[in-house]
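Q: Here it is: the structure, laid out below.
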Amino acid sequence: MTRKEVPEFKSIEEMAEFWDTHDATEFAAGEVEAVEYKPKRLVLTVRFDAGDMLAISREARRLGMDRSTFVRMAVKRYFEAQH
């Protein structure tokens with residue numbers, strides 16, 4: 001069975017319309033390249049009282065980093081100590 005070549009597309013919309021009306025198994029696979037998966041970082045909002053936030057800010061500044069980096073490192077160290 002001869003497989004068709006995938007045409008060149010001028011826009012995302014044109015590509016979407018094409019694949020809405022065609023079956024990918026009818027087309028040649030072409031070259032397959034490895035893709036490295038890099039998971040995204042997730043964001044967590046945490047509320048601190050004013051005193052704790054001041055202490056976090058001071059310690060982070062003393063260590064030359066921003067507050068979020070300091071808190072992330074503290075949490076990582078906590079989990080490492082548990083194992």
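Q: I'd like the full set of residues that are in a loop (DSSP other than H, G, I, E, B) and surrounded by 10 or more Cβ atoms within 10 Å (Cβ to Cβ), limited to region 1-27.
A: Within region 1-27, ARG3, VAL6, PRO7, PHE9, HIS22 qualify.
Q: Using beta carbons and a limit of 8 Å, which pairs, at least six apart or on different chains, have the first residue in region 41-59 and closer than 15 Å to VAL75 by Cβ and the second one modelled with pLDDT of 95 or more and among the β-branched types (Val, Ile, Thr)?
A: Every condition considered, the pairs that remain are VAL46/VAL71; PHE48/ILE56; ILE56/VAL71.
Q: Next question, about the same structure. Sort through MET15, MET53, MET73 and tell me the only one that's of a type outside the set (Asp, Glu) and within 24 Å of the chain's Cα centre (by Cα).
A: None of the others qualify; the one that does is MET73.
Q: With respect to ALA50, is the statement that it is among the hydrophobic types (A, V, I, L, M, F, W, C), surrounded by fewer than 10 Cβ atoms within 10 Å (Cβ to Cβ) and modelled with pLDDT of 95 or more true?
A: yes
Q: Residues to consider are VAL43, VAL32, VAL75; find the one that is β-branched (Val, Ile, Thr) and in a helix (DSSP H, G or I).
A: None of the others qualify; the one that does is VAL75.
The values are calculated or read from the model by the stated rules, or taken from the named source; none is laboratory data. Treat the numbers as computed from the prediction; the structure is a model and nothing was measured. All Cβ positions, glycine included, derive from the backbone under ideal geometry; neighbour counts span all protein chains shown.
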